[in-house]
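Okay, so here's the structure we're looking at.
The values are calculated or read from the model by the stated rules, or taken from the named source; none is laboratory data. Since we're looking at a predicted model, the values are computed, not measured. Positions of Cβ are generated from backbone atoms using ideal geometry, with glycine treated the same way; all protein chains shown enter the neighbour counts.
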Amino acid sequence: MDIIQGAIGTASEHDGISLSAPVVMELIEAVHEKGASFRFQAKGYSMTPAIRDGDIITVSPLKEIMPRRGDVLAFRHPERPQMLVHRVLHTQGRKYFIMGDNCSEVDGWIPAENILGLISKVERRGRPRFWPNRSAPSSWVNFYLLLYPLWPPLRRVLVRVWRRLRSFVSRRRQS
Amino acid sequence: MEIRITLNEVFGPSEDVVTRKIEGETIIIPLVAGIGDLEDDLYTLNETGQAIWEKLDGEKSIQTIVDELSAEYEASAEEILEDVVGIIKELARRRIIQEKSLPTG
C-alpha cells in the first residue's frame, strides 16, 4: 500500500513531485502560523556569495523583529508569482528597499505584507555558515549588519593573505 | 516498533504538524524542534490516503471511519479496514497523528 509517498525533498524535485514557488510560499506561511521556522534549499545565484545555489536556508517568522539594513528577507515578488531571498538596503516605515547581493537591478520598495520571513540560518555542505542571530541582539550582530557589504571583499583578502602565509611557511620548511 | 490499535480508538492530527491541501494534494510537514523541514520531512498522500486523512479529525473512531468509507466507496469493509489500519499505523509511527481521548460524560 503506497499511501505515504515519503519525503519529497526540495522545492524543485524529488520522486517526480515538484513544488512551485506559490506552493512553497503557502507552506512557509502555514509553518510560520504555528510560530515555527521553515528550512529549504535555495536556488539561484542572486545572493552569491552570502547564499549560494544549493545552500540550505531557514526562514523564520519575523515576530517582534523589525527588519533592518543588512538583513536578508524572503518575500513575495509584488508583480510575479515568485519568492525571492534578497537583502534589505534601506527601510522606511513598513517598506523595505531590497536587492540581491549579486544583482545589478534592485527589487525596489517591498511592502511589509509581502515579507515572508527573515533568513536566520544558512547551511553549506551540511555545515552552518556564520550568520547574524537576530533573535538575540548583540553589539556584534549590529556591527556585522552595519558593515555587511565589507565582509565578502574582506574575506577574499583574508583568504589570499592566508594562502600566501601558508605557502611562505611551506617554502621555509623545505629550505 | 509495532503499533497496536483497536477499532474504538480515535486519532487526529498531531499538534506538531502543518497540513495543507494544495493543488489537489495533501502536503504534511512535521514540525521538529520548531522547524518545518522541506529537505528532510515532507509527506504527501495519495488518493486513498487523503480520503482517510480527511476523516482523522480527532472525533471519529476507527470503526466510524471504516463505516463511512464503506458507504462512500465500492470496496469491501475488510479491504477498507486494512487500508485504514495500515495508514493509521504508518502515520502514528511517524508521529503525524496521535491518539485523542474521547470526551467523557
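Search region A:136-175 for residues being modelled with pLDDT under 80 and aromatic (Phe, Trp, Tyr), and hand back the single one that is nearest to the chain's Cα centre (by Cα).
A:148
Quick test for you: out of A:175, A:138, A:104, pick the one residue that is of a type in the set (Gly, Ala, Ser) and either within 24 Å of residue A:55 (Cα to Cα) or touching a residue at least 24 places away in the same chain (Cβ under 8 Å) (or both).
On the way: A:175 fails: either within 24 Å of residue A:55 (Cα to Cα) or touching a residue at least 24 places away in the same chain (Cβ under 8 Å) (or both); A:138 fails: either within 24 Å of residue A:55 (Cα to Cα) or touching a residue at least 24 places away in the same chain (Cβ under 8 Å) (or both).
Matching residue, one of A:175, A:138, A:104: A:104.
Go through region B:31-55 and give me each residue that's more than 7 Å from chain A (Cβ to nearest Cβ), crowded, with 20+ Cβ neighbours inside 10 Å and not aliphatic (A, V, I, L, M).
Once the filter is applied, which keeps residues that are more than 7 Å from chain A (Cβ to nearest Cβ), crowded, with 20+ Cβ neighbours inside 10 Å and not aliphatic (A, V, I, L, M), region B:31-55 yields only B:53.
Please count how many residues of region A:30-62 are assigned to a loop (DSSP other than H, G, I, E, B) and not acidic (Asp, Glu). Even if it seems obvious, please write down each step before you answer.
So in region A:30-62, the residues assigned to a loop (DSSP other than H, G, I, E, B) come out as A:34-36, A:42-55, A:61-62.
From what's left, not acidic (Asp, Glu): A:34-36, A:42-52, A:54, A:61-62.
Number satisfying all stated conditions: 17.
Mind checking which pairs have a first residue in region A:68-79 that is on the phi > 0 side of the Ramachandran plot and assigned by TED's automatic domain parsing to the domain that holds residue A:107 and a second that is of a type outside the set (D, E, K, R) and part of a strand (DSSP E or B), Cβ under 9 Å, 6 or more apart or different chains?
That search, which allows pairs on different chains as well, returns A:70/A:88; A:70/A:89.
Of A:127, A:87, which residue is assigned by TED's automatic domain parsing to the domain that holds residue A:25 and either in contact (Cβ under 8 Å) with a residue 40 or more places away in the chain or of a type in the set (Phe, Trp, Tyr) (or both)? It would help to see each step written out before you state the result.
Details: A:127 fails: either in contact (Cβ under 8 Å) with a residue 40 or more places away in the chain or of a type in the set (Phe, Trp, Tyr) (or both).
That would be A:87, the only listed residue that is assigned by TED's automatic domain parsing to the domain that holds residue A:25 and either in contact (Cβ under 8 Å) with a residue 40 or more places away in the chain or of a type in the set (Phe, Trp, Tyr) (or both).
Could you list, ordered by first residue, the pairs with Cβ atoms under 7 Å in which the first is in region B:6-29 and within 16 Å of residue B:55 (Cβ to Cβ) and the second is part of a strand (DSSP E or B) and of a type in the set (D, E, K, R), at least 6 apart or interchain?
These pairs meet every condition: B:9/B:99; B:10/B:99; B:10/B:100; B:11/B:99; B:11/B:100; B:12/B:100.
Can you tell me which residue among B:22, B:27 is farther than 24 Å from residue B:82 by Cβ and within 13 Å of the chain's Cα centre (by Cα)?
Values: B:22 fails: within 13 Å of the chain's Cα centre (by Cα).
Checking each option against the conditions leaves just B:27.
Looking at region A:63-81, which of its residues are outside any strand (DSSP E or B) and surrounded by 13 or more Cβ atoms within 10 Å (Cβ to Cβ)?
Within region A:63-81, the subset outside any strand (DSSP E or B) is A:63-71, A:77-81.
Matches in region A:63-81: A:65, A:67, A:68, A:69, A:70, A:71, A:77, A:78.
Restricted to region B:9-30, and to residues that are more than 9 Å from chain A (Cβ to nearest Cβ) and in contact with a helix residue (DSSP H, G or I) (Cβ under 7 Å, 6 or more places away or on another chain), which residue is nearest to residue A:120 (Cα to Cα)?
Only one residue fits best here, namely B:26.
For region B:57-105, which positions are over 14 Å from the mean Cα position of the chain (by Cα) and of a type outside the set (Asp, Glu)? If you could, list the steps in order and put the result at the bottom.
Let us first name the residues in region B:57-105 that are over 14 Å from the mean Cα position of the chain (by Cα), namely B:67-68, B:70-79, B:101-105.
Scanning region B:57-105 gives B:70, B:71, B:73, B:75, B:76, B:77, B:101, B:102, B:103, B:104, B:105.
Mind checking which helices (runs of 4 or more DSSP H) fall wholly inside region B:39-102 and carry at least 3 residues that are in contact (Cβ under 8 Å) with a residue 40 or more places away in the chain? Full working, then the answer.
Numbers: elements: B:47-53, B:62-72, B:77-93.
Where helices (runs of 4 or more DSSP H) fall fully within region B:39-102 and carry at least 3 residues being in contact (Cβ under 8 Å) with a residue 40 or more places away in the chain, they are B:62-72, B:77-93.
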